[in-house]
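The values are calculated or read from the model by the stated rules, or taken from the named source; none is laboratory data. The structure displayed is predicted, hence computed values, not measured ones. Because the Cβ atoms are built from the backbone with ideal geometry, glycine has one as well, and the counts that use them run over all protein chains shown.
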Amino acid sequence: MTSDSKESRELSDRYNPSEVESRLYKWWEESGFFHAEESSTKPPFCIILPPPNVTGHLHLGHALNQSVMDCLCRWKRMSGYNVLWLPGTDHAGIATQSVVEKKLLEEGTNRKDLGREKFLEQVWAWKEQYGNRICEQTRRMGSSLDWERQVFTLDEGVSKAVTKVFVDLYKQGLIYRGTRLINWSSKLESALSDLEVEYKDVKGSIWHIRYPLADGSGSLVVATTRPETMLGDTAVAVHPLDERYKDFIGKEIALPLTNRKIKVIADEYVDREFGSGAVKITPAHDFNDYEMGKRHNLQFINILNRDGSLNEQCGEYQGLKVNLARKKVIEDLEAKKFLVKVEPHQHSVGHCEKSGCVVEPFLSEQWFLKMQTLADPAMRVAESGTVKFEPENWTKTYLHWLHNIQDWCVSRQLWWGHRIPAWYCDNCDFITVSEKSPKECGGCKGKNLRQDEDVLDTWFSSQLWPFTTMGWPEENELQKTFYPTDILVTGHDIIFFWVARMIMAGLKFKGDVPFRTVYLHGLIRDSQGRKMSKSLGNSVDPVEVIEGYGADALRFTLLSQIASGRDLKFSQQRLEGNRNFMNKIWNAARFTLSVLEDFEVPEDGYIPSSSDLSAADRWIVYKTGKCEDEVHKALQNHRFSDAANAVYSFAWHEFCDWYLEFIKPIVYGENASEKKATQLVLAQTINRLVRLLHPFIPFISEEIYQKLPIRKDVLMLDSYPTPSKDKAWLAIGSEQSALEMDLVREVITAIRNIRGENRIKPGVKLKSRVAPKDDKGQKIVSANRNAIMSLARLEQLDIQQEGSLAKCAVTPVSISGIHLEVVVPLEGLVDFDEEIKRLTKVLDKVRKESAGISKRLSNENFLKNAPEDVVELGKKQIDELSAQIKVLEGALERFR
RNA sequence: UGGGGUGUAGCUCAGUUGGUUAGAGCGCCACGUUGACAUCGUGGAGGUCAGCAGUUCGAAUCUGCUCAUCCCAACCA
């Protein structure tokens, strides 16, 4: 224990978050308090930070995410664990390339003009600037990350690992190159995975077009939302059992506008009810048509260029973008009388998640990863509970997705990312896939090799994050100590993108799950429940919040609201409320320190003699233990809001509202040994309180801690208080002391209530008589006379059974079998009407309650079936209530 | 169409295995600066627990149905 001089124990008048936060964070970081040992006698605890993108800045989602992780890490660190919280950033291929391209556009240039090399230089410059900025912002949250181990997804080591994984998977036949229909973003000019497509409902039209038979013997009508794709039609399909089209099957159609001949085929996929019951088939531009094209061996005609314009297959329409082509095709169809009708039609259209453009199904040669063999073990670990999802209903969502998993298109036609380690030969068709740049073709030994231009999907490297951050594929101590990590904390929006893939990759390459628990929190919405987005202008910058309210207030707000995976609404009011909480704690600490000015720290383990301890002293120690227990259990179950709320109500409504008020007459009083005992309880309690608070509000707690008379050097390295520790100290408190305080509090509240309801000003001191019904009550009230007088603002307190009741307010009080009456003479103070009103109200309430219980007790079935203690309780209550009714009726009678 | 949430005070949400009078924060009303704090204190008002039916001595809690609302997935020629 450390004891400081008086001067250093003072806290400034006002808490200044920004000054304190930057000073303390710097101190913590430079002292190496965030650093984890590669191996240690302490048990390990490890969390990998979901790496933020280097695109821009932190948003509230990060703030939430980090508040949770930092709370866990600080709690575990204080609980004696060797804690590694591993930071890093993500290159975020598409996202970062997009923002840089946007910037270039504003500067009047573009990536194609710059060329690959120059463009990448620009992106790296961007990364330097924003990558650092985002780390600075993360520091401002107070996140206790081991910065010495920071990793970036394009670091050399990580890149090597990514390449190795690609090569291994290729050699095992799990990665293959193939020409298939994929999602294509014509704005990015790149392939996308299924997950990167966002479906939105769009109001469009459905066009009915007449398709004549080639032999002139008739025609049928097809319905389509995309008439321009008819340029790529290679069949018309009808249902085999559809009577209307029976005779058409097998015949040829002369496609309008081009006059190309296509067949009418029969396929059960066709819905007879929809549209005309005849479907145009465009295998190269629709996923269903693609499947049908394969089934019927149809021709695949690609009508698009990479930029979304129509290609040379389209004759006079060549060069037009899809929208314009559609317009022209319709005009031409109408002019040539092929257009039958147009109807409005709402349907969902895939959009590129990043660029916003319409996604085209596009026939293209890409790299794919076979997922089925990876998915199977990933399903098993979720089923067996080796990986636990919290809340657990996400397990179902996860399994469902894995069950229906499709191969993953991993190549992107971008420049920013991990280049695909594949080389093509100019002489033969052989593809050389290798970790190192090959000298010759693996097939024909030719020397003219070109590396694949494409890069890998960002998530391809992200899936390896839990072990590439630890230096894999090299074996090392770090991985032995910390892999598998303990818990992944993330939003449920990336459960497929990231969580599922990490599990598959971890099992594949490390032979073990990457984390034991997946904690999925909800997303942050604005106060109206809308998603936060830049376009809506409702997104909140956490740094601005921190500047206005302090990091602690922000953290506490988020932590006190996060529960059971639900989305949470962010409100200014809550933030203010919690800023006020910080203020409350600050002031409570200031007051505490002023009370402890002349306090001398006794030896370790010293316990004051019980005669010197007040009821409040024993009570607050008891409540401290209760609160510690609650917080500890809540944290173990990841119920952060429960933990935050428990500590909040303890700090404010028990410690501040009652304890600090209660001890005032003692610490300002004459009895030196009582004062000393109380000072010790106060010093110990505030010490435990700030330790308890630290994982939630690290800055203000550490700042206060540094001024406390009883403390160690650093709060964040001190131990986390739990009832299992310091049993000798906590034994001061007891259930009995809680009971005693409850009674005292009830008496005080009763007098305050009489004062308030009768509009007696707080400045007016009252006389009161407390009439205990037995010795126990008598003793308790007497022992706490000073506190009652002070907190109820009395000038006189008589404790006696007998006394006048005339013109007196009377309130019965009962606590666990102890009964007493609180009597306040009102003569000359008030108009009695108010008191009559008050008494009537109380009486009504008590009668109602009594009636309810009587009714239950008179029910034979209840007496027969209910457990004995429930029945007993009811009987006891009826007795108490009846006594109270009598007292209240008497009081009321005397006023009439 | 399928899957999953949610519906409790004016607002945001707690409410464990059914069991006293359903809680908190903010907001609201009244009074107030008493030697930490007006970012405060004391007192108070405010709820048919979405609706209906059922199980039970007893339901916010369990079951079924209905309504509202949100998210995810699929289909959409």
(request) For the range A:806-824, name all the residues that are under 24 Å from A:Lys765 (Cβ atoms) and surrounded by fewer than 18 Cβ atoms within 10 Å (Cβ to Cβ). (result) A:Ala806, A:Lys807
(request) Name the single residue, out of those in the range A:461-498 being touching a Ser or Thr at 6+ places or on another chain (Cβ under 8 Å) and among the polar types (S, T, N, Q), that is surrounded by the fewest Cβ atoms within 10 Å (Cβ to Cβ). (result) A:Thr481
(request) Report whether or not A:Ile494 is in contact with a strand residue (DSSP E or B) (Cβ under 7 Å, 6 or more places away or on another chain) and aliphatic (A, V, I, L, M). (result) no
(request) Those residues that are under 31 Å from the mean Cα position of the chain (by Cα) and more than 25 Å from A:Glu101 (Cα to Cα), I need them from the range A:349-372; list them, please. (result) A:Val349, A:Leu369, A:Met371, A:Gln372
(request) Give me a count of the residues in the range A:481-501 that are in a helix (DSSP H, G or I) and either under 18 Å from A:Asp194 (Cβ atoms) or within 14 Å of RNA strand B (Cβ to nearest atom) (or both). (result) 10
(message) Just checking, does the range A:58-81 include any residue being in contact with a Phe, Trp or Tyr (Cβ under 9 Å, 6 or more places away or on another chain), among the polar types (S, T, N, Q) and either surrounded by 24 or more Cβ atoms within 10 Å (Cβ to Cβ) or in a loop (DSSP other than H, G, I, E, B) (or both)?
(response) yes
(message) Of the conditions (1) surrounded by fewer than 20 Cβ atoms within 10 Å (Cβ to Cβ); (2) in a helix (DSSP H, G or I), A:Arg555 satisfies every one except a single condition; which number is it?
(response) (1)
(message) So, in the range A:568-577, how many residues would count as being surrounded by 14 or more Cβ atoms within 10 Å (Cβ to Cβ) and in contact (Cβ under 8 Å) with a residue 40 or more places away in the chain?
(response) 4
(message) Taking the conditions exactly as written (among the hydrophobic types (A, V, I, L, M, F, W, C) and under 30 Å from A:Leu414 (Cβ atoms)), does A:Trp184 satisfy them or not?
(response) yes
(request) Might you let me know whether the range A:309-329 holds any residue that is within 16 Å of RNA strand B (Cβ to nearest atom), more than 29 Å from A:Ile94 (Cβ to Cβ) and outside any loop (DSSP other than H, G, I, E, B)? (result) yes
(request) All but one of (1) touching an Asp or Glu at 6+ places or on another chain (Cβ under 8 Å); (2) touching a residue at least 60 places away in the same chain (Cβ under 8 Å); (3) more than 10 Å from RNA strand B (Cβ to nearest atom) hold for A:Ser768, so report the exception by its number. (result) (2)
(request) Give the residue, chosen from A:Arg745, A:Arg752, that is within 16 Å of RNA strand B (Cβ to nearest atom), within 40 Å of the chain's Cα centre (by Cα) and within 17 Å of A:Val824 (Cα to Cα). (result) A:Arg745
(request) Please state which of the following conditions A:Ala191 fails to meet, knowing it meets all the rest: (1) closer than 16 Å to A:Ile303 by Cβ; (2) buried (at least 21 other Cβ atoms within 10 Å of the Cβ); (3) among the hydrophobic types (A, V, I, L, M, F, W, C). (result) (1)
(request) Name the residue, out of A:Gln413, A:Gln406, that is modelled with pLDDT under 95 and within 16 Å of RNA strand B (Cβ to nearest atom). (result) A:Gln406
(request) Out of A:Ala278, A:Ala254, report the one residue that is surrounded by fewer than 21 Cβ atoms within 10 Å (Cβ to Cβ), of a type in the set (A, V, I, L, M, F, W, C) and within 20 Å of A:Arg210 (Cβ to Cβ). (result) A:Ala254
(request) Collect the residues in the range A:387-409 that are touching a His at 6+ places or on another chain (Cβ under 8 Å) and among the aromatic types (Phe, Trp, Tyr), keeping them in residue-number order. (result) A:Trp394
(message) Scan the range A:538-557 and tell me whether some residue there is more than 25 Å from A:Glu136 (Cα to Cα), within 11 Å of RNA strand B (Cβ to nearest atom) and in contact (Cβ under 8 Å) with a residue 40 or more places away in the chain.
(response) no
(request) Return yes when A:Phe591 is touching a residue at least 12 places away in the same chain (Cβ under 8 Å), in a helix (DSSP H, G or I), crowded, with 20+ Cβ neighbours inside 10 Å and aromatic (Phe, Trp, Tyr) and no when it is not. (result) no
(request) All but one of (1) outside any loop (DSSP other than H, G, I, E, B); (2) over 21 Å from A:Ser348 (Cα atoms) hold for A:Met230, so report the exception by its number. (result) (2)
(request) Kindly establish whether A:Gly565 is on the phi > 0 side of the Ramachandran plot and within 9 Å of RNA strand B (Cβ to nearest atom). (result) yes
(request) With the condition kept exactly as written, say whether any residue in the range A:285-296 is within 9 Å of RNA strand B (Cβ to nearest atom), buried (at least 18 other Cβ atoms within 10 Å of the Cβ) and at pLDDT 90 or above. (result) yes
(request) May I ask you to say which residue of A:Gly356, A:Gly385, A:Gly350 is out of contact with any strand residue (DSSP E or B) (no Cβ under 8 Å at 6 or more places or on another chain) and under 30 Å from A:Leu120 (Cα atoms)? (result) A:Gly356
(request) Among the residues of the range A:718-744, write down those that are closer than 14 Å to A:Ile788 by Cα and surrounded by fewer than 21 Cβ atoms within 10 Å (Cβ to Cβ). (result) A:Asp742
(request) May I ask you to list the residues in the range A:297-314 that are free of Cβ contacts under 8 Å to residues at least 60 places away in the same chain and either closer than 17 Å to A:Arg260 by Cα or buried (at least 22 other Cβ atoms within 10 Å of the Cβ) (or both)? (result) A:Asn311, A:Glu312
(request) Could you grab me the full set of residues in the range A:634-692 that are within 10 Å of RNA strand B (Cβ to nearest atom), hydroxyl-bearing (Ser, Thr, Tyr) and assigned to a helix (DSSP H, G or I)? (result) A:Ser641, A:Tyr648, A:Ser649, A:Tyr659
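Yes or no, residue by residue, for (1) touching a strand residue (DSSP E or B) at 6+ places or on another chain (Cβ under 7 Å); (2) surrounded by 11 or more Cβ atoms within 10 Å (Cβ to Cβ):
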position	(1), (2)
A:Gly88	yes, yes
A:Glu101	no, yes
A:Glu106	no, no
A:Glu117	no, no
A:Ala125	no, yes
(message) With the structure loaded, tell me whether A:Gly565 is under 20 Å from the mean Cα position of the chain (by Cα), crowded, with 23+ Cβ neighbours inside 10 Å and in contact (Cβ under 8 Å) with a residue 40 or more places away in the chain or whether it fails that test.
(response) no
(message) Here's a check for you: in the range A:41-57, which residue that is surrounded by fewer than 24 Cβ atoms within 10 Å (Cβ to Cβ) and not in a loop (DSSP other than H, G, I, E, B) is farthest from the chain's Cα centre (by Cα)?
(response) A:Pro44
(message) Looking for something in a loop (DSSP other than H, G, I, E, B), under 24 Å from the mean Cα position of the chain (by Cα) and touching a residue at least 60 places away in the same chain (Cβ under 8 Å) - is there at least one such residue anywhere in the range A:95-111?
(response) no
